[in-house]
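The structure under discussion appears below in the form of structure tokens.
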Amino acid sequence: ADIYSTDYGFRSAVTTDDPATIMSALENLSSRVGASRAMIFSTDYDVLAEITDDGKKAAQKAIFQKLIDTADDEGESYSFIKISGNVYQFTIVPVLAPIPVAWVAIGDKLDQQALIELKETLPDGIDITLIEKEKDGNLTSLQTTLEKQIAADITDQYALVESRGEIDLHEALDDHYMALRSELPSSIGENPISILLSYSLDAAYSPYKPLAYILLTLAVLGLVSLIIGSMTVAKTVSKPLELLARAAHLIQIGRYEKVTAIKQKDEIGQLADHFNQMIIGIQDREEKILYQAEHDLDTGLPNRNNVDKYLQILLNNQVDTGQMFSVLQISIDSFDEVRNTLGYDTARELLKKIGIRLLQKANSNNFVARLSTANFCVVFEGGNSINSFSLAREIMAVFVDPFMVRNFTIDTNVSIGIACSPEHAQTADLLFQRAGIATLHAKDDINRICLYDKKIDAYDADRLSLMGDFRKSLEEGDVKFYYQPKVNLKLGYITHVEALVRWIHPERGFIPPDDFITMAEQTGHIHHLTLWGLDTAIAQCRDWIAENIDLKMAINLSARDLSNRKLPEIIIKLLEKYGVPRTRLVLEVTENAIMQDPELALGVLNDLYQHGLLLSIDDYGTGYSSMSYLKKLPVKELKIDKSFVMDLANNKEDEIIVRSTIDLGHNLGLKVTAEGVEDEESMEILRQLGCDLAQGFFISKPLPIADLYEFLENSPYGLNEEKRSIHKAKKADSPGAMIKSIERRLSKN
Ligand code: G
Ligand code: G
Ligand code: MN
């Protein structure tokens with residue numbers, strides 16, 4: 001257009017009024033610049049010449065007029081104009097000389113070819129479509145580098161959604177397009193033309209399609225191998241591990257099950273093998289530990305734990321069925337001696353053999369166990385106090401034959417203590433405790449068997465509380481002496497009394513002395529009883545002296561007293577305190593008390609003797625004292641036990657024993673007393689046998705002090721005023737004294 005407007009020849013041609021010249025200049029120039037259409041307007045908007053490419057002249061006069069006006073203002077103007085179906089880009093410039101003398105319009109046809117050329121200047125894949133918006137709003141694609149149908153489809157979609165200057169997405173003929181529509185400058189009154197740039201996404205993606213397929217294939221292959229892999233892992237690793245984990249859990253709860261389902265030979269298979277071996281190992285060890293926990297390793301017998309369990313079963317069973325049973329504790333006497341003399345190995349062999357003999361003796365109701373070093377036990381199902389005692393005797397018999405151990409002949413003595421359930425205890429602990437107490441007592445028993453009894457149990461809570469009461473009773477005067485007369489058989493009347501303690505408990509009433517004295521000995525309370533007894537008895541002697549009653553007082557000492565070295569001193573002090581001569585007191589000591597610790601007892605007894613005190617052996621004949629001890633004892637009197645005396649009149653053997661004991665006593669220079677005289681005949685026999693003193697129910701029971709005074713006064717054996725004086729006279733043995741006594745009687749009469 002610039003060329004048109006400034007070309008001198010063209011300008012001069014235009015300024016001529018010759019249409020042919022103008023036409024020729026226009027044709028000339030148009031072919032030079034390759035324009036499709038060209039028009040020359042006069043300043044009055046008249047078309048001076050027109051070149052067309054299709055022979056059809058442009059009809060839009062008004063539009064060109066406006067364009068010329070704009071070019072007049074701005075120096076040039078542009079517009080896309082549609083002429084007979086084709087779109088042209090028109091440029092209008094003045095022909096200056098130097099003022100505009102004409103207007104030239106050059107139209108460049110945007111045909112298919114032009115669009116293709118334009119497309120080639122753009123990046124690959126971008127297509128161009130020209131769209132016309134008709135007056136009624138319809139959009140039509142005029143020209144396109146796309147397939148016609150596609151262009152039409154996209155254009156249709158633009159008709160629905162009005163959008164300009166933004167990238168939109170469209171679908172056409174199974175393809176996807178990105179598109180950008182832009183309205184081209186056009187003249188008012190003309191249908192607006194838009195240019196649409198579209199880009200096929202499918203085409204854009206197409207280079208990546210093979211890649212996508214490869215990726216997809218890889219993904220599928222990966223997935224497949226993953227599935228196959230997981231299945232393999234599951235079969236060869238997870239499943240076996242799960243089996244092993246389950247087996248491990250079973251071990252935890254104490255079930256040992258081998259894993260047999262794993263057959264593979266790999267690491268997992270090896271693990272399973274080791275696992276199975278481990279199970280065997282654990283099982284073995286557990287069995288060993290359990291065995292050791294419940295068995296004694298020396299003898300192989302069940303141990304204390306095991307018996308406890310067994311007893312627990314019996315006790316539970318007892319709740320339902322009431323089934324009785326007993327525990328026999330078998331204690332080997334002086335086992336320490338055996339062990340220290342013959343050595344530990346020999347001692348262990350001995351234990352083993354003892355265990356074997358006990359097992360041989362046992363039947364299906366007997367459970368044999370070892371409790372501790374020197375203690376075995378037999379639990380006797382169905383055992384009561386009677387049949388348990390028989391069983392104990394049978395067990396005793398097992399130990400009669402000596403044991404042969406490593407060329408040693410070992411004599412073994414045992415003591416057996418028995419406790420029964422439910423009679424003595426209803427728990428395992430208490431049963432053992434009580435069987436143990438019975439065993440201790442069995443050691444002092446002739447048969448060496450002892451059935452538990454509350455009386456022997458110093459540890460019984462009930463009895464312990466009783467001992468508390470005992471001290472209180474001593475202080476408060478509930479403990480008293482009763483006095484039992486001893487009659488001088490030659491004189492025919494009472495010369496001695498034995499003080500025997502009586503306890504009337506404020507709540508429980510009379511308590512047998514055998515009960516509480518044993519208990520007092522076991523708990524140490526005997527000391528208080530002895531002190532109280534000595535004080536009370538000696539104080540009574542003082543009274544009698546004051547009342548001119550000539551009675552000797554016998555008081556009992558216990559085994560415990562014989563181990564008290566201070567005893568002589570205590571007695572002497574009391575005698576001095578009350579002003580009582582030593583010869584008034586007789587101290588009775590049982591054989592058994594002496595024999596508990598003969599050396600110590602002899603020491604104290606000798607001491608007492610040295611102090612001029614009189615001693616008497618009580619219950620003679622029931623203990624184990626030998627002649628050699630009897631010879632050594634510094635005693636003045638021997639009391640034949642009542643068991644030989646009570647039936648004297650009817651029992652020849654008793655008579656022989658009593659007779660020889662009296663002779664023995666006399667030959668050793670002792671006075672002999674018989675206790676337990678219950679009838680006149682016995683009393684007569686004793687007199688004939690030369691017995692010195694008699695004591696027993698026939699003469700009198702032990703009497704409270706008031707009754708004793710009554711006895712002294714009224715009994716044929718009593719010591720009334722008359723006898724007292726005769727006695728005194730005799731005793732004085734002097735004519736003066738005799739005369740005095742006769743005088744007294746005479747004066748009375
Ligand atoms: O009374 P009789 O049941 O009392 O006596 C039973 C036993 O108690 C007898 O063997 C007797 O020696 C003993 N005994 C009685 N009184 C005493 C006492 O005061 N002290 C001691 N140590 N024993 C006594
Ligand atoms: O200390 P000693 O054990 O000796 O005590 C005498 C015991 O003998 C006391 O328990 C007393 O009660 C008891 N006793 C005394 N005389 C007789 C008797 O004639 N017959 C019986 N059975 N017991 C007696
Ligand atoms: Mn006595």
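Taking the criterion of being outside any helix (DSSP H, G or I) and either under 25 Å from Leu351 (Cβ atoms) or touching a strand residue (DSSP E or B) at 6+ places or on another chain (Cβ under 9 Å) (or both), the residues of the range 428-453 that qualify are Lys443, Asp444, Asp445, Asn447, Arg448, Ile449, Cys450, Leu451, Tyr452. Counting the residues of the range 585-598 that are under 18 Å from Thr530 (Cβ atoms) and assigned to a helix (DSSP H, G or I) gives 4.
For the range 463-473, check the following and say yes or no: at least one residue is farther than 29 Å from Arg584 by Cα and within 16 Å of ligand 2 (Cβ to nearest atom). Checking the range 463-473: not a single residue is farther than 29 Å from Arg584 by Cα and within 16 Å of ligand 2 (Cβ to nearest atom). Of the set (1) in contact with a Pro (Cβ under 9 Å, 6 or more places away or on another chain); (2) within 14 Å of Val104 (Cβ to Cβ); (3) of a type in the set (A, V, I, L, M, F, W, C), all apply to Val14 but (1). So, of the residues in the range 460-496 that are free of Cβ contacts under 8 Å to residues at least 40 places away in the same chain and in a loop (DSSP other than H, G, I, E, B), which turns out to be nearest to Asn384 (Cα to Cα)? Only one residue tops the list, namely Asp460.
Look at (1) at positive phi; (2) in a helix (DSSP H, G or I) and you find that Lys631 fails only one, number (1). Considering Asp561, Asp535, the condition of being within 15 Å of ligand 3 (Cβ to nearest atom) and over 51 Å from the mean Cα position of the chain (by Cα) is satisfied by Asp561 alone.
Going through (1) on the phi > 0 side of the Ramachandran plot; (2) at pLDDT 95 or above one by one, Leu534 falls short only on (1).
Of all the numbered requirements in (1) surrounded by fewer than 21 Cβ atoms within 10 Å (Cβ to Cβ); (2) farther than 29 Å from Ile131 by Cα; (3) in contact (Cβ under 8 Å) with a residue 12 or more places away in the chain, Asp46 misses one, and that requirement is (3). Assess whether Ala601 counts as being outside any helix (DSSP H, G or I) and either closer than 17 Å to Val635 by Cβ or within 16 Å of ligand 3 (Cβ to nearest atom) (or both). So Ala601 does not fit the description; no. Applying the criterion of being near ligand 1 (Cβ under 9 Å from one of its atoms) and within 51 Å of the chain's Cα centre (by Cα) to the residues of the range 502-517, the residue that is farthest from Ser558 (Cα to Cα) is Pro512.
The residue that is farthest from ligand 2 (Cβ to nearest atom), counting only those in the range 686-699 that are touching a strand residue (DSSP E or B) at 6+ places or on another chain (Cβ under 9 Å) and more than 20 Å from Asp619 (Cβ to Cβ), is Gly690. Against the test of being buried (at least 17 other Cβ atoms within 10 Å of the Cβ) and either of a type outside the set (Phe, Trp, Tyr) or in contact (Cβ under 8 Å) with a residue 12 or more places away in the chain (or both), the options Ala172, Ala204, Ala212 yield a single qualifying residue, Ala172.
Per-residue answers, yes or no, for (1) touching a residue at least 40 places away in the same chain (Cβ under 8 Å); (2) hydrophobic (A, V, I, L, M, F, W, C):
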site: Ser79; (1), (2): yes, no
site: Tyr88; (1), (2): yes, no
site: Thr91; (1), (2): yes, no
site: Val95; (1), (2): yes, yes
site: Pro100; (1), (2): yes, no
site: Trp103; (1), (2): yes, yes
site: Gly107; (1), (2): yes, no
site: Leu118; (1), (2): no, yes
site: Gly125; (1), (2): yes, no
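Would you point out which residue out of Asp320, Asp401, Asp411 is within 33 Å of the chain's Cα centre (by Cα) and free of Cβ contacts under 8 Å to residues at least 60 places away in the same chain? The conditions single out Asp320. For the range 327-420, the strands (runs of 3 or more DSSP E) that sit wholly inside it and include 2 or more residues that are closer than 17 Å to Leu301 by Cα and not small (Gly, Ala, Ser) are 366-372, 375-381. Looking only at the range 473-501, residues that are over 60 Å from the mean Cα position of the chain (by Cα) and within 15 Å of ligand 1 (Cβ to nearest atom) come to 9 in all. Among the residues that make up the range 538-558, is at least one of them under 24 Å from Ile617 (Cβ atoms), within 14 Å of ligand 2 (Cβ to nearest atom) and in a helix (DSSP H, G or I)? The answer is no; no qualifying residue exists. Checking the range 466-483 against the condition returns a match, with at least one residue being away from ligand 3 (no atom under 16 Å from the Cβ), over 30 Å from Arg687 (Cα atoms) and touching a Ser or Thr at 6+ places or on another chain (Cβ under 7 Å). Here Leu664 meets each of (1) surrounded by fewer than 18 Cβ atoms within 10 Å (Cβ to Cβ); (2) closer than 24 Å to Ala499 by Cα; (3) not small (Gly, Ala, Ser) with one exception, condition (2). Listed conditions (1) within 13 Å of ligand 2 (Cβ to nearest atom); (2) in a helix (DSSP H, G or I); (3) under 17 Å from Leu585 (Cβ atoms) are all met by Ile517, apart from (3). In this entry, Ser643 passes the filter for residues that are within 16 Å of ligand 1 (Cβ to nearest atom) and more than 25 Å from Leu608 (Cβ to Cβ).
Screening Met467 against (1) farther than 19 Å from Gly524 by Cα; (2) of a type in the set (A, V, I, L, M); (3) away from ligand 1 (no atom under 13 Å from the Cβ) leaves a single unmet condition, (1). Residue pairs whose Cβ atoms lie under 6 Å apart, separated by 6 or more positions or on different chains, with the first residue in the range 515-526 and under 16 Å from Asn592 (Cβ atoms) and the second within 12 Å of ligand 1 (Cβ to nearest atom) and outside any helix (DSSP H, G or I), are Glu521/Ser558; Ile526/Ser558.
Can you tell me which residue in the range 471-510 is surrounded by the most Cβ atoms within 10 Å (Cβ to Cβ), limited to those that are more than 30 Å from Leu638 (Cβ to Cβ) and among the hydrophobic types (A, V, I, L, M, F, W, C)? Out of the qualifying residues, it is Leu474. Out of all the residues in the range 87-101, is one or more small (Gly, Ala, Ser) and under 23 Å from Asp18 (Cα atoms)? Yes, that holds for at least one residue. Taken together, Leu630, Leu648 contain a single residue that is surrounded by fewer than 22 Cβ atoms within 10 Å (Cβ to Cβ), in contact (Cβ under 8 Å) with a residue 24 or more places away in the chain and away from ligand 1 (no atom under 16 Å from the Cβ), which is Leu630.
The values are calculated or read from the model by the stated rules, or taken from the named source; none is laboratory data. Keep in mind that what you see is a predicted model, and the values were worked out from it rather than measured. Methodologically, a virtual Cβ is constructed for each residue, glycine included, from the backbone with ideal geometry; neighbour enumeration extends over all protein chains shown.
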